[in-house]
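Reviewing the structure listed below.
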Amino acid sequence: MPHYTTYDGAELSYRVLPARDRDAEASVPPLICLAGGPGRDAAYLGDLGGLDAVRTLVIPDSRGTGDSPPAPDADGYSFPALAEDVEALRAHLGLERFALLAHDAACATAQAYAATYPSRLTRLVLVTPGSRLQGELPTDAEQIFESRATEDWWVDAYVAVHSLPETRDLAEARALLLRAAPMAYGRWEAPQRHHAATEPDQLNPVPRAAFWQGVDEPARLALLHRLRDVTCPVLVITGDRDAVTGMRAGEAVAASFADARVRPLYGVGHYPWVDEPEMFRPLVADFLRGGAGY
């Protein structure tokens, strides 16, 4: 895998998926894609439902995940520091401006990047974000979870979800995560089961624990204030079966920007490209192209 040198001299890795339609996107900068978790190996993004058909994807391994080394201290895992790694990757790739996509917790990293380097972004896609950065914790994810109580997996997932806060054993926590996994998907079929099976071994607890550290209340509010100055179009994608972050969090995130719109996808959970790639891929591709309505 290729590597780039970031602000503190660390050599971080990234993966490149060349656009399969070379003619359609030959002159378009690549789409940088950030994995969430936080602290999850970016392999779970795959090719984002075949998005590499129309756009070259650059997928970095954040510190302490994939082939990237751990940070020298916990501050390097905080989402504002991870945003500085994104800026180093941009410079390494020689991009003047580019489009950025982020999933889950990485949406906080993407927002920190947008607030700090607004002139660098042409488009921003935030997929199933939470709204902790906005200081809001909507309860609709719990309501979505409760609404699915008739599904076969629900009772075991309920027990696992409520057991997770009590466990201190990493192996046990990984087993519980796998039992709780169905709540993150629109349905629990073979593609979803296969995707979920990778999660327990892809999470690094150290980057995960430090992701939100080192950002005090004045810094959070200052970051939110700067988001109003972001001029690039922003697309926020939510899923009506997302029992992880819900849908209202995405609305709160979109409200932080001057030019953002929310697109809810139906029958979709926390991983839209797994549940409904044929809805997710054209939606993102059309937004990146500046299609009708964008």
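The values are calculated or read from the model by the stated rules, or taken from the named source; none is laboratory data. Bear in mind the structure is a predicted one, so any value in this text is a computation, not a measurement. Cβ atoms come from the backbone with ideal geometry, glycine included; neighbour counts cover every protein chain shown.
What residue, of L235, L283, is of a type outside the set (V, I, T), at pLDDT 95 or above and either within 13 Å of P129 (Cβ to Cβ) or in a loop (DSSP other than H, G, I, E, B) (or both)?
On the way: L283 fails: either within 13 Å of P129 (Cβ to Cβ) or in a loop (DSSP other than H, G, I, E, B) (or both).
After ruling out the rest, the residue left standing is L235.
Could you please give the count of residues in region 208-232 that are in a loop (DSSP other than H, G, I, E, B) and under 16 Å from the mean Cα position of the chain (by Cα)?
The number of residues fulfilling the criteria is 2.
Quick check on region 174-197. Is at least one of its residues more than 17 Å from D104 (Cβ to Cβ), part of a helix (DSSP H, G or I), in contact (Cβ under 8 Å) with a residue 40 or more places away in the chain and not β-branched (V, I, T)?
yes
Could you tell me whether any residue of region 205-217 is among the hydrophobic types (A, V, I, L, M, F, W, C), under 25 Å from F98 (Cβ atoms), surrounded by fewer than 21 Cβ atoms within 10 Å (Cβ to Cβ) and in contact (Cβ under 8 Å) with a residue 40 or more places away in the chain?
Checking region 205-217: at least one residue is among the hydrophobic types (A, V, I, L, M, F, W, C), under 25 Å from F98 (Cβ atoms), surrounded by fewer than 21 Cβ atoms within 10 Å (Cβ to Cβ) and in contact (Cβ under 8 Å) with a residue 40 or more places away in the chain.
When the residues of region 73-85 are narrowed to those that are over 17 Å from the mean Cα position of the chain (by Cα) and either small (G, A, S) or not in a helix (DSSP H, G or I) (or both), which ends up nearest to L34 (Cα to Cα)?
Only one residue fits best here, namely G76.
If A88 satisfies all but one of (1) in a helix (DSSP H, G or I); (2) in contact with a Ser or Thr (Cβ under 7 Å, 6 or more places away or on another chain); (3) buried (at least 24 other Cβ atoms within 10 Å of the Cβ), what's the number of the condition it fails?
That leaves (3) as the condition not met.
For residues that are over 17 Å from the mean Cα position of the chain (by Cα) and of a type outside the set (D, E), scanning just region 187-199, find the one that is nearest to T65 (Cα to Cα).
Residue satisfying both the conditions and the ranking: A197.
If we scan region 120-141, do we find a residue that is closer than 28 Å to P30 by Cβ, at pLDDT 95 or above and in a helix (DSSP H, G or I)?
yes
How many residues, within region 35-83, are charged (D, E, K, R) and surrounded by 19 or more Cβ atoms within 10 Å (Cβ to Cβ)?
Total meeting the criteria: 6.
Select from region 187-204 the residues that are surrounded by 14 or more Cβ atoms within 10 Å (Cβ to Cβ) and touching a Leu at 6+ places or on another chain (Cβ under 9 Å) and write down the one among them that is nearest to T150 (Cα to Cα).
A196
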